[in-house]
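To start, the structure under review is shown below, and the notes come after it.
Laboratory data are not the source of any read-out in this text; all were calculated from the coordinates shown. Computed from a predicted structure; not experimentally measured. When we count neighbours, we look across all protein chains shown, and the Cβ atoms used for this are built from the backbone with ideal geometry, even at glycine.
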Amino acid sequence: MKNLLVREIKKNFKSFLIWLIILVAINACMFAAFEATSEMAKNTEAMLAQYPEAFVKALSLDKFDMTNILHYYASRSYIIITLFGSIYAVMLSACILSKEESERTVEFLVSKPITRHEIVSAKYLCVVLYTVLFNVLFSISNFLFMQIFKTNDFGIEPFLLISLGGFLIHIIFASICFLLSVFITKTKAIISVSFGVVFVTYFFSILASVEEKMSFFKYLSPFSYYNTEDLVVNSTINGSYLIVSIALIIISIGLSYFSYSRKNITA
Amino acid sequence: MIEIKKLSKYYGKSRGIIDLDLKVEQGEVFGFIGPNGAGKSTTIRLLLSLIYPTSGTAYINGMDCIHESKKLKHILGYVPSEVNYYDDMKVIDLFHYSSKFYNKDCAARIENISGRLGLDTTKKINDLSYGNKKKVAIVQALLHEPEVLIFDEPTSGLDPLIQNEFFEILKEEKKKGTTILFSSHILSEVQKVCDRVAIIKDGKILNIEQIETLRKNKFRQVEIYYNGNISIGEYQTMKIKNLSETENTLSFLYTGNIHQLLIKLAEEKGIENISIEEPSLEDIFIHYYSERGGIK
């Protein structure tokens, strides 16, 4: 199993580095605009008036103190970073197992002394490792940027919560798409489905926050589980959603082990 | 030793193999021949636990192919019919990656077999021709010195010189006592190396024979070139198979007493020439097919 894990780590390192650098760079650009936004925010009403009402509501802009750099991050960058981070996570997790079948290398792998469980373990461990590493390194860079660009102090606890929220969203999507890739093994198909899962649930979270009648959509979207208002403004993490998240991850991985060890590999 | 008992595999309602029984002895080279879709690859995939049986059991060297798969694969080498490896790797990287699964230093063996097959291990797998990829498959199957080898059409894509070298390697493996299951639809190559052969069709084994028995039985391929009248009808009453008649040539597979045939031939006045040969395995193969269900 160690052999396969090392191979996967090496194989996926380059794309990890590219995604990390790009997202850190985007984040840096966002922070570069903080000072100007912070100045404008002294006249908050004037700034908010620039945006459509639904947009303000969707991003909870009316709840944030834009002179606080953490609030600025939460309202401006968090969703972009989480969305793109989720895309990276699902691209990694959806292809890592299915590629062996779509590229027909699975026959080689299965003919070696390794069990199906070990294959799933090595591949999922690699996904977890890179998702954790991505979030840790991104959060460190995020913290450093905030220290550099801040005009006032910000709370450490909400910072840690928002970092944890992003990580949980990534790992939920990664786990769900890992499970889907046991059944959908064609690369194009699994990537389309995985992107679909991320974007549709993102859309649900927008719907839930804009329209009261559609607030039930929030239960269907991990993006709503860890929204910035809870994490940064209220400095809390919803316990029920945390349990749902852990359950989703455990079920996805449990089913992945179960299904992969029983499937006929016909590639 | 490979032992398959009442092994069946259905894909939904469609047939893979049905109640297959097979025993390959320790140190034996066992041929597995049949047309495409007969069930050869299904059987091999079951042995490798790529797919799971609907019913029945399969053991290799006493280990259950499903439940002791990992342990079993330490002593198993496999050459697939279609070769697909990681395009981003160099050949040597794939061999090192492969070796690590066995926790063995296989460097000398890799160098030896790669050299004999004329394989450049510094190349990227993506840049290799089909034949060279097949060589990669052979080396990675042999590098850990397995006790059991499974070959699924191993020579396709190899040029004749390399094929000969491959058969030499195979003979050396046999001398060492390696058990070999050799699946192919090219009968002449099975004839070259195998001790016994199983003929499979429509998911069932039609017959298992010693290669020597197949060769030594009294089957003879007879061709009669005539330039006058010969009593074709009388031949039809004799023990013959696959009779065909084209432009003054009568050919058939004779399965009866050779003395009776010679007496019959001596009576013929119109014969211009005659050829009596040992039949090829192809001819015997057709004989079995026509005898047990017809050729489709």
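Observations
- As a proxy for reagent exposure, A:91, A:214 were ordered by neighbouring Cβ count within 10 angstrom, fewest first; the result is A:214, A:91.
- Cα Rg, Dmax, region A:169-215, angstrom units: 12.9, 39
- log10 of Debye I(q)/I(0), alpha-carbon scatterers only, for region B:84-163 at 0.13, 0.16, 0.19 Å⁻¹: -0.36, -0.55, -0.79
- For region A:88-104, backbone phi angles converted through the Karplus equation (6.51, -1.76, 1.60; θ = phi - 60°) give residue-by-residue couplings of 4, 4, 6, 5, 5, 6, 6, 9, 4, 8, 5, 4, 4, 7, 5, 9, 6 Hz, Gly and Pro being listed as x.
- For the protein assembly as shown, a simple Cβ point-charge model (Lys and Arg +1, Asp and Glu -1, everything else neutral) yields a dipole of about 780 debye relative to the Cα centre.
- Computed from the alpha carbon atoms alone, the convex hull of region B:1-74 holds 88 Å³ per residue.
- Principal semi-axes in Å for region A:116-229 [√(5λ), Cα gyration tensor, largest first]: 29, 23, 11
- Neighbourhood charge, 12 Å Cβ-Cβ cut-off, centred on residue A:121 and excluding it, Lys, Arg +1 and Asp, Glu -1: +1
- The convex hull drawn around the Cα atoms of the protein assembly as shown, when projected onto a plane and averaged over every direction, covers 34.4 nm².
- For chain B, calculated [θ]222 nm from helices alone, where every DSSP H run of n ≥ 4 adds -39500 (n - 2.57): -10000 deg cm²/dmol
- For region B:168-183, backbone phi angles converted through the Karplus equation (6.51, -1.76, 1.60; θ = phi - 60°) give residue-by-residue couplings of 4, 4, 4, 5, 5, 4, 4, 4, 6, x, 6, 7, 10, 9, 10, 9 Hz, Gly and Pro being listed as x.
- Taking amide H as placed 1.01 Å from N in the peptide plane, residue B:31 has its amide H under 5 Å from the amide H of B:182, B:195, B:196, B:197, B:198, each at least 5 places away in sequence or on another chain.
- Between the beta carbons of residue A:251 and residue B:239, assuming R0 = 51 Å, the FRET efficiency works out to 0.15 to the nearest 0.05.
- Here region A:89-153 and region B:6-40 have alpha carbon centers that stand 40 Å from each other.
- Chain B: most fluctuating residue of B:58, B:38, B:108 per GNM, C-alpha cutoff 10 Å: B:108
- On the principal axes of its alpha-carbon atoms, chain B has extents of 72, 42, 33 Å, going from largest to smallest.
- Seen from a random direction on average, the alpha-carbon convex hull of region B:14-165 projects onto 9.8 square nanometres.
- Residue-wise HN-Hα coupling along region B:200-208, computed from phi with Karplus coefficients 6.51, -1.76, 1.60 (Hz; x: Gly, Pro): 10, 8, 6, x, 10, 7, 7, 6, 10
- Other residues with beta-carbon under 10 Å from the beta-carbon of residue B:70 carry, at +1 per Lys or Arg and -1 per Asp or Glu, a net charge of +2.
- Centre-to-centre, using Cα atoms only, region B:66-137 and region A:1-40 are separated by 35 Å.
- Fewest-first ranking of B:167, A:173, using other Cβ atoms within 10 Å as the exposure measure: B:167, A:173
- Put simply, the Cα atoms of chain A extend 67, 41, 31 Å along their principal axes, the longest span coming first.
- Proximity of backbone amide H atoms, modeled 1.01 Å from N, is registered between residue B:16 and B:9, B:10, B:11 at under 5 Å, excluding neighbours fewer than 5 places apart on the same chain.
- Between amide H atoms placed 1.01 Å from N, distances below 5 Å from residue B:206 occur with B:199, B:200, B:201, all of them 5 or more places distant or on a separate chain.
- Mean ellipticity per residue at 222 nm, deg cm²/dmol - from DSSP H runs of n ≥ 4 across chain A, formula -39500 (n - 2.57): -25000 deg cm²/dmol
- Percent antiparallel among DSSP beta bridges (both partners in the protein assembly as shown, rounded to 5): 70
- Distance violations [Cα-Cα > 24 Å] among A:2/B:176; B:70/B:124; A:123/B:133; A:123/A:188; B:70/B:104: A:2/B:176; B:70/B:124; A:123/B:133
- Anisotropy class of region B:225-276 from Cα gyration tensor, a/c 1.5 cut: oblate
- When chain A is treated as a GNM with alpha-carbon contacts under 10 Å, the residue of A:37, A:187, A:131 showing the greatest mean-square fluctuation is A:37.
- Separation between Cα centres of region A:252-267 and region B:230-260, rounded to whole Å: 57
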